[in-house]
Amino acid sequence: MQYPQTFNNEKRYVFTNWTTEDFTCSWDSQAKTIAAGAYLEMPEYLAYHFTKHLVDREMHRDGKEKFIASDEQRDPYEKKTMSIIADGVDSPALNKLKEEIRKEVEEEQTKVEKKEKKTKAEKTEFADIKK
């Protein structure tokens, strides 16, 4: 994985902890734990940082520590760990995130519709009452 010369804070990524173990990494003395199987949206600089450390850990566990500097050996790990959020780019983690957002929006719409129905029913029920 080639680090960009400068990070673009407007680029967003999905970081996926695809392993079976929680992953903890620190940035600016702040530890962040990402549960096994979980994913998180984050800015470019954090995605690169977290990906580097998760890939390092997993390569050590797989007995590939002597290949840790090999882009070719790291690539399969990195591809399932980090994906950019952009038009026309999909990944399993991004699709999962989109599905969660879609469900949240649907739940919110259902709440609003129920509230509107209740308000309409109350107006109808009290329509005959004169002031």
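When restricted to residues that are farther than 16 Å from Ala86 by Cα and modelled with pLDDT under 90, region 29-51 contains 1. Of all residues in region 14-45, those that are among the aromatic types (Phe, Trp, Tyr) and in a strand (DSSP E or B) total 4. Checking each residue in region 56-91 for being without any contact (Cβ under 8 Å) to a residue 40 or more places away in the chain and closer than 12 Å to Thr16 by Cα picks out Tyr77, Lys79. Scanning for something more than 14 Å from the chain's Cα centre (by Cα) and either at pLDDT 90 or above or surrounded by 11 or more Cβ atoms within 10 Å (Cβ to Cβ) (or both), does region 80-99 turn up at least one residue? No.
The values are calculated or read from the model by the stated rules, or taken from the named source; none is laboratory data. Computed from a predicted structure; not experimentally measured. Neighbour counts are summed over all protein chains in view; Cβ atoms, including those assigned to glycine, are modelled from backbone coordinates with ideal geometry.
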